[in-house]
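Everything below concerns the one structure shown next.
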């Protein structure tokens with residue numbers, strides 16, 4: 001069984017790409033990880049992983065990616081004490097609620113008792129640094145996971 005799960009919601013593919021980059025860095029560091037699209041995942045699946053990494057792009061007035069809405073609401077009854085978490089996503093700084101979906105996920109993870117391992121990754125779509133920022137963040141994340149072991 002994998003020790004980490006990455007669940008992402010992506011409409012145009014940028015957050016999915018970020019999830020793949022993060023997973024490849026974790027795998028390079030010998031951390032077993034499962035990557036799943038949110039519409040193929042049940043909230044209860046998170047309970048089986050010590051490390052939970054959630055990613056969503058931000059839409060409209062700071063909304064979660066549409067596939068993530070029911071999943072996030074379905075997390076309400078989970079007890080994630082003893083789990084470690086991280087959140088990531090992309091958004092455009094042109095909008096007033098830049099990467100608000102990432103903040104929503106982080107708040108949900110905290111409210112359910114999980115411990116955030118590092119500050120969330122919020123990539124500005126306008127800067128074209130998605131790959132570099134995702135790799136840098138994933139390396140720090142891998143270090144945090146290694147320390148927790």
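If the condition is being without any contact (Cβ under 8 Å) to a residue 60 or more places away in the chain, surrounded by 15 or more Cβ atoms within 10 Å (Cβ to Cβ) and more than 10 Å from the chain's Cα centre (by Cα), then the range 4-15 contributes only 10.
Picking from residues in the range 93-120 that are assigned to a loop (DSSP other than H, G, I, E, B) and in contact with a strand residue (DSSP E or B) (Cβ under 7 Å, 6 or more places away or on another chain), the one that is surrounded by the most Cβ atoms within 10 Å (Cβ to Cβ) is 99. In a residue-by-residue description of the range 37-45, the property of being assigned to a helix (DSSP H, G or I), in contact with a helix residue (DSSP H, G or I) (Cβ under 6 Å, 6 or more places away or on another chain) and surrounded by 15 or more Cβ atoms within 10 Å (Cβ to Cβ) applies to at least one position. Looking across the range 58-72 at every residue that is in a loop (DSSP other than H, G, I, E, B) and touching a helix residue (DSSP H, G or I) at 6+ places or on another chain (Cβ under 6 Å), the one that is nearest to residue 106 (Cα to Cα) is identified as 62.
Select from the range 73-89 the residues that are over 26 Å from residue 146 (Cβ atoms) and touching a helix residue (DSSP H, G or I) at 6+ places or on another chain (Cβ under 6 Å) and write down the one among them that is surrounded by the most Cβ atoms within 10 Å (Cβ to Cβ). Spell out the reasoning first.
So the first thing to find is which residues in the range 73-89 are over 26 Å from residue 146 (Cβ atoms), and the list is 73-77.
Retained after the next criterion (residues that are touching a helix residue (DSSP H, G or I) at 6+ places or on another chain (Cβ under 6 Å)): 74-75.
Numbers: 74: 13, 75: 19.
Ranking the candidates gives 75 first.
Values quoted throughout were computed directly from the atomic coordinates according to the rules given, and no laboratory measurement underlies them. This structure is a prediction, so every number in the text was calculated from the model and none was measured. When we count neighbours, we look across all protein chains shown, and the Cβ atoms used for this are built from the backbone with ideal geometry, even at glycine.
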